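The values are calculated or read from the model by the stated rules, or taken from the named source; none is laboratory data. Predicted model, so just to flag it, every value in this text is computed and none were measured. Cβ placement follows ideal geometry from the backbone for every residue including glycine, while neighbour counts extend to all protein chains displayed. We work out accessible area using only protein heavy atoms, side chains counted, and drop any ligands, DNA or RNA first. Shrake-Rupley method; radii C 1.70, N 1.55, O 1.52, S 1.80 Å.
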Amino acid sequence: MTTTTRQKSNKVYPRVITGLWLLFLGGIVTLILYIYAVSINFLNLFGELPNMRTLENPKSALSSELYSADNALLGKYFRENRTPIDFEDLPQNFVDALVATEDIRYEEHSGIDPEAMGRVVGSLMIGTSKGGGSTITQQLAKNLFKTRGEELNNGLLNHTPGLRTLIHKTKEWIMAVKLEQSYTKQEIMVMYLNIFEFGSNAFGIQSASKTFFNKNPQDLEVQESAVLVGLFKNPNFYSPKFNPENSKRRRNVVMSQMVKYGFLPAEEYEKLKETDIKLDYRVENQNIGLAPYFRTEASKFLLKWCRENGYDLYADGLKIYTTIDSRMQRYAEQAVEEHMKDRQKEFFSHWKGRNPWIDRQGKEIPNYLTSAIKRTDRYRRLNERFDGNQDSINYYLNKKTPMTIFTWDGEKEVVMSPMDSLKHYKHFLQTGFMAMEPQTGHIKAWVGGINYKHFKYDHVKQGARQPGSVFKPFLYTAAIENGYYPCYEVIDTQVCIPLPDGTMWCPNNADNKFSGEKFTLRKALAESVNSISAFLVNKLGAETLVKTAKRMGITTPLEANPSLALGVNDVTLYDMVGAYGTYVNNGTWTEPNFITRIEDKHGNVLADFVPRSVEALSEETAYMMVHMLKAAAEPGGTAYYGLRHRNGLKNEIGGKTGTTQNYSDAWFMGITPDLVAGAWVGGDDRSIHFRTIALGQGNKLAMPIYGSFMKKVYADKSLDVSKDPFPKPSVPLSVELDCSKYNGGIQVDSAQQDEFYQLPTEIDLDAF
């Protein structure tokens with residue numbers, strides 16, 4: 001090299017170095033100006049960023065949770081199934097798997113990983129949109145603030161290919177830095193895990209753990225944590241339920257990353273990588289879990305409360321505390337399943353070779369299914385779709401398609417038409433059961449049907465049916481209030497009552513016989529003698545009966561006709577249990593209730609609920625009715641054998657059976673000092689029932705549910721349900737309850753004798 005060349009070179013190098021520095025500094029200044037321009041959305045080129053208020057109070061939809069009185073989670077209400085957890089609820093193996101796979105320098109960076117950022121810039125410089133390498137904080141920013149959604153990307157440059165990805169990344173960098181300045185590393189990680197959508201309608205790690213493994217996060221094993229961490233790459237492609245092979249490969253990648261960074265011993269990895277993924281998969285929804293009918297009914301109350309108080313049941317993460325006891329609820333559901341499964345077999349056998357929908361003469365109702373299908377949603381949709389064209393409607397109603405149907409032996413996959421399906425389901429008996437604490441009105445168990453997934457109709461509060469003889473205690477209550485007493489005697493003879501239309505109402509007894517014997521009111525109620533009820537309603541008047549029933553909480557319409565004494569007007573099981581509770585609660589009716597408290601997501605109490613109470617009866621009247629109802633469970637009573645022998649219940653119990661005309665409705669109401677409960681069994685349509693009283697009566701169809709439930713409750717020593725006798729009144733009674741002490745001095749109303757010997761010629765012998 002000549003001297004001249006060396007001199008020129010010495011002059012060029014400083015200029016090159018200076019130029020490079022100027023270029024670098026210019027790039028830095030340009031980058032800073034660019035980031036600043038994005039942060040302020042300069043000239044609306046880039047779209048808005050979340051404001052500071054959003055950053056300080058990030059929101060995501062949270063499930064509202066429904067808890068039992070014993071603090072068991074009954075279910076959730078959600079649009080996105082998300083239940084937040086704290087960092088302390090995470091197992092260390094999950095944290096290790098997440099960091100090893102998604103962001104190994106998580107504890108070192110401040111929201112942006114320089115190495116990862118370099119990869120992004122490099123990929124953009126060579127014209128690809130695949131940046132990769134986002135930190136956990138950036139992923140949180142993207143998911144929490146929807147940085148790639150339309151709302152934040154309406155700037156003028158956002159639709160320019162290439163620039164769009166850079167703008168998205170820039171916004172995530174900015175928000176990641178702000179998040180790191182506002183929250184700790186643990187808070188950031190748990191926020192990310194709480195909002196991520198893992199697939200299968202599982203939002204957040206708590207729901208994902210429950211959905212895929214039926215576990216809480218802290219109970220996850222290392223291979224299970226690896227499966228869930230693998231979903232961060234692509235929840236659908238790596239779903240352990242729908243793509244198990246992909247999920248297994250991704251799980252092993254996650255565990256190999258844990259080995260690479262010292263979180264998992266290599267020998268343990270070698271054992272685990274060969275194992276298959278063991279799922280306990282269950283997508284949370286209203287069809288599964290404890291008390292589904294109750295949860296649906298509770299939602300009606302809660303939605304109304306939320307509308308009135310400015311809350312969103314499906315997004316605000318409310319904590320709702322109920323009166324339901326999860327143990328009693330489970331026993332009630334078991335009792336219903338065990339009994340109804342057996343009765344259904346009997347029903348199928350009883351109607352083998354015939355359809356069970358019959359008229360009063362026992363003949364099959366013509367075109368029954370054709371009429372019934374028109375009341376379904378499917379028919380209404382088809383009718384709208386084809387504008388009433390019956391040929392098209394009938395084609396699809398009779399077109400066979402694959403479907404899943406309910407049976408008592410489990411769901412079955414079949415090929416059926418909608419008409420076939422309707423016929424299948426119309427053969428099933430339905431039920432309702434409710435148990436309540438009489439002193440507080442707290443509902444402890446609620447079973448609205450045999451299977452919520454396939455039969456949504458609730459038979460506790462939604463449905464109303466004829467109560468038959470379980471309505472009679474209201475008549476006897478009215479009698480006690482009007483001077484009658486349990487030992488008062490009435491002759492078992494037919495009573496006829498003239499009606500406004502000029503006809504006579506002359507009910508028969510269940511066996512179509514009249515013994516002519518004297519019955520005390522207590523014995524008449526215990527044996528459910530219709531003639532004695534007819535005598536009482538004739539003496540008291542149907543209006544008195546209506547007023548008594550209404551005062552005790554019956555809300556359905558009641559007609560002041562003599563036949564009301566035999567329970568011909570529809571009532572709900574919900575009302576009936578509340579009304580019977582009045583007897584046990586010293587004459588005070590307490591409205592059945594099921595919500596005690598609502599809290600917000602932070603645990604602040606938003607509302608406490610106190611049930612409404614009314615003094616409906618005197619303490620003496622209530623106790624005398626308890627005394628009369630106890631007779632049903634004594635020798636000769638309709639509930640004696642079933643409760644005492646079949647279920648071995650030896651403590652004091654009061655009760656009443658009920659069976660309606662043609663055996664369409666079977667009832668049982670039971671009372672103890674701690675619990676009042678009721679059961680109903682029948683077809684969804686009144687025309688579907690057994691044909692004999694031996695099979696269709698209340699002590700055969702309904703009472704066994706109550707007996708089985710109480711037996712299970714008493715066997716559980718963790719429940720505070722005693723076998724103590726009914727407490728005595730606070731003051732002495734004005735009448736004697738021991739009928740033997742009357743020494744034959746009880747008077748029989750002579751007017752009834754006259755009625756017996758002067759019967760009209762026109763008699764209606766229909767009996768209830």
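The base-10 log of I(q)/I(0) for the range 360-400, evaluated at q = 0.15, 0.17, 0.24 Å⁻¹, reads -0.41, -0.50, -0.79 [Debye formula, identical scatterers on Cα atoms, solvent excluded]. Across the range 319-334, computed HN-Hα scalar couplings (Karplus, 6.51 cos²θ - 1.76 cosθ + 1.60, θ = phi - 60°) run 10, 10, 10, 10, 8, 4, 9, 4, 5, 5, 4, 5, 5, 5, 5, 5 Hz from first to last residue, x flagging Gly and Pro. Across q = 0.11, 0.23 Å⁻¹, the range 394-514 modelled as identical point scatterers on its alpha-carbon atoms has Debye log10 I(q)/I(0) values of -0.74, -1.36, in the order of the q list.
Our coupling estimate for the range 628-634, obtained by passing each phi through the Karplus curve with A = 6.51, B = -1.76, C = 1.60 and θ = phi - 60°, is 6, 5, 4, 5, 5, 9, 10 Hz, Gly and Pro reported as x.
What do you get when you divide the Cα radius of gyration of the range 600-745 by 2.2 N^0.38 Å, with N the number of residues?
Output field value: 1.31.
Orientation-averaged projection of the range 263-414 equals 19.2 nm² [convex hull of Cα atoms, one quarter of hull surface area].
Computed over every Cα-Cα pair of the range 494-577 and binned at 10 Å starting from 0, the pair-distance distribution P(r) comes out as 16, 46, 32, 6 percent.
Can you flag which of 210/260; 300/456; 248/271; 300/374 are past 19 Å Cα-Cα? Going by Cα-Cα distance, 210/260; 300/374 fall outside the 19 Å limit.
Here the mean projected area of the convex hull built on the C-alpha positions of the range 197-242 is 2.7 nm².
Evaluated at q = 0.19 Å⁻¹, the base-10 log of the normalised Debye intensity for the range 496-640, with identical point scatterers placed on the Cα atoms, takes the values -1.28. With a/c under 1.5 counting as rounded, go ahead and sort the range 437-480 into rounded, prolate or oblate using the C-alpha gyration tensor (a ≥ b ≥ c being the square roots of the eigenvalues; past the cut-off, prolate if a/b is larger than b/c, else oblate). Note, shape of the range 437-480 comes out oblate. Positive contributions from Lys and Arg (+1) and negative ones from Asp and Glu (-1), summed over other residues with Cβ under 13 Å from the Cβ of residue 513, come out at -4.
Report D for the range 266-318 in µm² per second (integer): Stokes-Einstein, Kirkwood Rh on Cα pairs, 37 °C, 0.692 mPa s. Roughly 220 µm²/s, to the nearest whole number.
The residues of the range 442-580 expose on average 31 square angstrom of accessible surface per residue, using a 1.4 Å probe on protein heavy atoms.
A 1.4 Å probe over all protein chains sorts 618, 63, 734 by accessible area into 734, 618, 63, starting with the largest. Could you please state, rounded to a whole Å, how far the C-alpha centre of the range 613-669 is from the C-alpha centre of the range 229-275? Cα centres, the range 613-669 to the range 229-275: 61 Å.
Solvent-accessible area of the range 443-562 (1.4 angstrom probe, protein heavy atoms only): carbon and sulfur portion equals 47 percent. With coordinates expressed along the principal axes, the C-alpha atoms belonging to the range 572-632 extend over 51, 22, 16 Å, beginning with the largest.
The trypsin sites (Lys or Arg not before Pro) of the range 506-544 meeting both criteria, a DSSP state outside H, G, I, E and B (loop) and at most 13 other C-beta atoms within 10 angstrom of the site's C-beta, are 513. To put it simply, the accessible area of the range 566-718 at a 1.4 Å probe is 48 percent carbon and sulfur.
Using a probe radius of 1.4 Å on heavy atoms only, what accessible surface per residue do you get for the range 316-389? Whole Å² is fine.
Here the residues of the range 316-389 average 57 Å² of exposed surface.
Restricting the calculation to alpha carbons of the range 670-717 gives Rg and Dmax of 13.4, 43 angstrom. Summarising the amide proton neighbourhood of residue 571: residues at separation of 5 or more, or on other chains, whose placed amide H is nearer than 5 Å comprise 465, 466. For the range 81-98, the Karplus equation 6.51 cos²θ - 1.76 cosθ + 1.60, evaluated at θ = phi - 60°, returns couplings of 6, 10, 10, x, 10, 9, 4, 5, 7, 8, x, 4, 5, 6, 4, 5, 5, 5 Hz by residue, with Gly and Pro reported as x.
Eigenvalues of the alpha-carbon gyration tensor of the range 642-681, scaled by 5 and square-rooted, set the equivalent ellipsoid semi-axes at 22, 12, 7 angstrom, largest first.
Its convex hull of Cα atoms gives the range 161-319 a direction-averaged projected area, equal to a quarter of the hull surface, of 13.8 nm².
The alpha carbon centroids of the range 469-530 and the range 280-316 are separated by 45 Å.
Using amide H atoms built in the peptide plane, which far-off residues or other-chain residues are under 5 Å from residue 606 H to H? Result for residue 606 returns 598, 599, 600. Pairwise Cα distances in the range 450-533 exceed 16 Å in 64 percent of cases.
Under the rule a/c < 1.5 gives rounded, and otherwise a/b versus b/c splits prolate from oblate, where does the range 407-472 land using the Cα gyration tensor?
prolate
Here the range 508-551 is treated as a Stokes sphere of Kirkwood radius computed over C-alpha pairs; at 4 °C and 1.567 mPa s its diffusion coefficient rounds to 113 µm²/s.
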